[in-house]
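The values are calculated or read from the model by the stated rules, or taken from the named source; none is laboratory data. Here the structure is a predicted model, which means the values were calculated and not measured. Because the Cβ atoms are built from the backbone with ideal geometry, glycine has one as well, and the counts that use them run over all protein chains shown. Only protein heavy atoms, including side chains, enter the accessible area calculation; ligands, DNA and RNA are left aside. Shrake-Rupley method; radii C 1.70, N 1.55, O 1.52, S 1.80 Å.
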Amino acid sequence: HFLGVSAADRAHRAERAIGEILEKGGPGKVTSAKEGQRVGMFIDGELAYVLVAADADRMRAETLESATVASTALLSHAIEETKEARDRSRILKALLSSAIATLIYGGLAWIVLRARHWLIARLADALHRTTAKVQVAGEHILGGGRMLTLARWAVQGITIVLLLAIADRWVTYVLLQFPYTRPWGEQADQFVLGIALKVGGGILRAIPDLLIAVVIFVIARAFIGMFRPL
């Protein structure tokens, strides 16, 4: 409590005071002034709210001074985004930038899909010429059809990863253009990075087992080839 007013009531009063000050259309400059164990937060020279020592987060070893710095930064950022949300020219600019980004995304996606068809055709031709030469105990263990299927899966996987990466960049960029969606855009990279690390870690952990399975498969095919005449 401060002067008999609870923290919740102080927060509501601060919200109302901030709104009233910003309605006056000033530049929205945030300043602070310390007096004893309390700090007054001002917007354009008008008192918006007061911070006291009890407002500092003791669990994070926060002091009144560090709480003041954090409050100043957060309030300035909120005021700037509020002004941006009300600025029609900025909104139009954001819409234009998003439209251009969408066109670029569509063009890149088209290029990736076209490159997929071209790459599969080239792989089919290359595999047809080379796999017939690979033999173990007189057996063609790497048939062209099997290798082409594996190559297609690999190309499809790379294509999907590229399309998802481009889509992620596009969505993140568009979200960052607008004040109301900007927090989602700022968190999108961390979310995608977390998924990528989890999936990538699983793939790396599975590689040794996959190599062992391939070796067992090759040895088994060799033994089958040697004993088939019997």
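Are any residues in the stretch 43-71 free of Cβ contacts under 8 Å to residues at least 24 places away in the same chain and of a type in the set (Ser, Thr, Tyr), and if so, which ones?
If the condition is that a residue be free of Cβ contacts under 8 Å to residues at least 24 places away in the same chain and of a type in the set (Ser, Thr, Tyr), then Thr63, Ser66 are the ones that fit.
Where residues in the stretch 168-218 are modelled with pLDDT under 80 and of a type in the set (Asp, Glu), which of them is least open to solvent (accessible area, probe 1.4 Å)?
Asp189
Could you pull out the residue among Ile160, Ile207, Ile203, Ile224 that is under 30 Å from Asp125 (Cα atoms), touching a residue at least 40 places away in the same chain (Cβ under 8 Å) and among the aliphatic types (A, V, I, L, M)?
Of the residues listed, the single one that is under 30 Å from Asp125 (Cα atoms), touching a residue at least 40 places away in the same chain (Cβ under 8 Å) and among the aliphatic types (A, V, I, L, M) is Ile224.
Thr159: of a type outside the set (A, V, I, L, M, F, W, C), at pLDDT 75 or above and within 30 Å of Arg86 (Cα to Cα), yes or no? Quick ask: steps written out before the conclusion?
Numbers: of a type outside the set (A, V, I, L, M, F, W, C): yes; at pLDDT 75 or above: yes; within 30 Å of Arg86 (Cα to Cα): no.
So Thr159 does not fit the description; no.
Can you tell me which residue within the stretch 67-85, out of those that are touching a helix residue (DSSP H, G or I) at 6+ places or on another chain (Cβ under 9 Å) and not acidic (Asp, Glu), is surrounded by the fewest Cβ atoms within 10 Å (Cβ to Cβ)?
Ala85
Step by step: first the residues of the stretch 86-118, then only those that are more than 23 Å from the chain's Cα centre (by Cα) and small (Gly, Ala, Ser), then the one that is surrounded by the most Cβ atoms within 10 Å (Cβ to Cβ). Which residue is that?
Checked the stretch 86-118; the qualifying residue surrounded by the most Cβ atoms within 10 Å (Cβ to Cβ) is Ala115.
Check Val30 against each of (1) under 33 Å from the mean Cα position of the chain (by Cα); (2) at pLDDT below 80; (3) under 28 Å from Arg86 (Cα atoms) and name the one condition it does not meet.
Looking at each condition in turn, Val30 falls short on (2).
Could you pull out the residue among Ile91, Ile79 that is at pLDDT below 80 and under 29 Å from Thr181 (Cβ atoms)?
Criteria check complete, one pass: Ile79.
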